[in-house]
1. Could you look through the range A:2-30, keep only residues that are modelled with pLDDT under 95 and part of a loop (DSSP other than H, G, I, E, B), and pick out the one that is farthest from A:Phe76 (Cα to Cα)?
2. Can you say whether A:Ser49 is surrounded by fewer than 14 Cβ atoms within 10 Å (Cβ to Cβ), more than 14 Å from chain B (Cβ to nearest Cβ) and free of Cβ contacts under 8 Å to residues at least 40 places away in the same chain, as far as the supplied structure shows?
3. Only one of these conditions is not met by B:Phe54: (1) under 28 Å from B:Gly152 (Cα atoms); (2) in contact with a helix residue (DSSP H, G or I) (Cβ under 9 Å, 6 or more places away or on another chain); (3) at pLDDT 95 or above. Which number is it?
4. Is it the case that some residue within the range A:100-110 is within 22 Å of A:Ala11 (Cβ to Cβ) and within 14 Å of another protein chain (Cβ to nearest Cβ)?
5. Just one of A:Arg70, A:Arg29, A:Arg52 is closer than 23 Å to A:Arg111 by Cα and among the basic types (Lys, Arg); which is it?
6. Inside the range B:40-87, can you point out the residues that are touching a strand residue (DSSP E or B) at 6+ places or on another chain (Cβ under 6 Å) and not hydrophobic (A, V, I, L, M, F, W, C)?
7. Applying the selection to the range B:107-127, what residues are at pLDDT below 80 and surrounded by 13 or more Cβ atoms within 10 Å (Cβ to Cβ)?
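The values are calculated or read from the model by the stated rules, or taken from the named source; none is laboratory data. All of these numbers come straight from a predicted model, not from anything done at the bench. FYI the Cβ positions are ideal-geometry reconstructions off the backbone, even for glycines, and counts take in every protein chain you see.
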Amino acid sequence: MQISIRRVDNATIVDVSGDIDLASSPEVRKVLLHEVRDNRKPRVVMNLSAVRYIDSSGVASLVEGLKASRDIGSRFILVGLNGPAREVLQLSRLVKVFEIYNTEVEALAARV
Amino acid sequence: MRDHDTKIGVLAGVLARSVGLNRDLLLKIELLSDPKWLYVVRGAVERLAETVGFAAAECRSVVRAVDEALTNVMRHCYCGRLDQPIELSFRWLGGHSKAGQKKGLEILLCDRGPAVDKSKLHPKTSGELQPGGLGLQFIREAMDSVGYKRVGHTNLLRLVKYLPSEKP
């Protein structure tokens, strides 16, 4: 799993690639919570287009990011939700809980 | 480790014979409880499920179930220790073509952790915005049968997934 950060205008883009499982989800969680709570950007966008696998611990990390963003009134957005990641979020009944867009452009342009 | 391996293998065999189903061993994996090996196991399980005859979506669900079961052992049975033994056995069911006998895949997962509290083996209510607790839900939704047994000092988790029924 690889994770990197980009700053675009007033938003943070978190790019994740590979597998998010028990080995890598702690790092994902750590990065997400740092970006949401410490950097306090009004919008944190999680790019999952290159994620090949995500397990329940990965989903839990996304949920924690969402809850942290709600606590401080910021937005936590998922983009590029491809087959494996979308399937797992659907199984978790969480697709409707997250703010999801197909592309980064849409996510950055979306108004509240 | 060797002594552990032998005992787990014997106990898994005892459980397998006691259930009384036809079986053929397809694959056995012994690993340590380090999460870095999950990736390797997923790859093997995906290829195995495909070879056995499951469709793509079913292969993904088998991979998910095994991965979540292993994760639960690593987190909850071994509490994050990286050096504890886990054994996986994959067996073919219905190999002798008995009439009406379903064909499928049996997966036995053995660990030497403390006994599992059975009251915690129920999946979380879906839709709750609570981190964690989804693993059991994924396992039960993926597999046709999920069973747990404690034999001596070994936890035995048995997962079964049947191939779709053949159309007449």
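1. Checked the range A:2-30; the qualifying residue farthest from A:Phe76 (Cα to Cα) is A:Asp9.
2. When the stated conditions are applied, A:Ser49 does not pass them.
3. All conditions pass for B:Phe54, except number (1).
4. no
5. Exactly one of A:Arg70, A:Arg29, A:Arg52 is closer than 23 Å to A:Arg111 by Cα and among the basic types (Lys, Arg), namely A:Arg70.
6. Within the range B:40-87, B:Asp83, B:Glu87 meet the criteria.
7. Correct list: B:Leu121, B:Pro123, B:Lys124, B:Ser126.
Rundown of residues vs (1) within 11 Å of the chain's Cα centre (by Cα); (2) touching a residue at least 24 places away in the same chain (Cβ under 8 Å), yes/no style:
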{"residue": "A:Val8", "(1), (2)": "no, yes"}
{"residue": "A:Asp15", "(1), (2)": "yes, yes"}
{"residue": "A:Ala23", "(1), (2)": "no, no"}
{"residue": "A:Pro42", "(1), (2)": "no, yes"}
